[in-house]
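Below you'll find the structure, written out as structure tokens, and then a few comments.
The values are calculated or read from the model by the stated rules, or taken from the named source; none is laboratory data. None of the values given here were measured: they were computed from a predicted structure. Glycine also receives a Cβ, built like all others from the backbone with ideal geometry; neighbour counts cover every protein chain displayed.
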Amino acid sequence: MRQFMTVLLATLLITGCATNGKLIASSVPNSCGSVGHTFTWIKYGDSHLGALALSDIGRSAEWRFRLIPDGGSGPNSYSNKVVTIIGEPPNDTWLSVSGQHSSDPVLTLCVPASLAVGTDVKYMISVKDVGELDPRARVVL
């Protein structure tokens, strides 16, 4: 039983790492009127903010940002901090979303169908009282 649990845990960890930032083209419809999504994890807390430097996104697919704050409840919790994601000008005005882990741990955007394959999308992640990051994404299909 112990070996089974070890293998199961290792599989989940490897799968989780492999899907962060990679387009998942599934047959399940998304809220953008197509299929597929990309998860980009945003981890933040006391004096740190992290996200994948480069994510793959698909045209007309969902781009989901999973918020992962430090701390549980009380004064050491970061779950009530506002996370804001905005596109860098001039052509990424579609990229704008804001929220808190305590309300919804996943922020979702629809990637425009008009973006060309190979386009680099630059954006800024800002967490109030924590800091800012400027990762990017690449349109892969």
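For beta carbons closer than 6 Å, sequence separation of 6+ or different chains, a first residue in the stretch 50-64 that is assigned to a strand (DSSP E or B) and among the acidic types (Asp, Glu) and a second that is surrounded by fewer than 22 Cβ atoms within 10 Å (Cβ to Cβ) and at pLDDT 95 or above, the qualifying pairs are 62/108. The residue that is farthest from residue 100 (Cα to Cα), counting only those in the stretch 20-77 that are within 13 Å of the chain's Cα centre (by Cα) and among the acidic types (Asp, Glu), is 56.
Scoring residue 109 on the criteria (1) outside any loop (DSSP other than H, G, I, E, B); (2) over 17 Å from residue 21 (Cα atoms); (3) in contact (Cβ under 8 Å) with a residue 40 or more places away in the chain leaves a single failure, condition (2). Please verify whether the stretch 10-30 includes one or more residues that are at pLDDT below 95, out of contact with any helix residue (DSSP H, G or I) (no Cβ under 9 Å at 6 or more places or on another chain), surrounded by 14 or more Cβ atoms within 10 Å (Cβ to Cβ) and more than 24 Å from residue 109 (Cα to Cα). No; the residues of the stretch 10-30 include none that is at pLDDT below 95, out of contact with any helix residue (DSSP H, G or I) (no Cβ under 9 Å at 6 or more places or on another chain), surrounded by 14 or more Cβ atoms within 10 Å (Cβ to Cβ) and more than 24 Å from residue 109 (Cα to Cα).
Taking the criterion of being within 21 Å of residue 32 (Cα to Cα), touching a strand residue (DSSP E or B) at 6+ places or on another chain (Cβ under 8 Å) and not in a strand (DSSP E or B), the residues of the stretch 77-100 that qualify are 92, 93, 94, 95.
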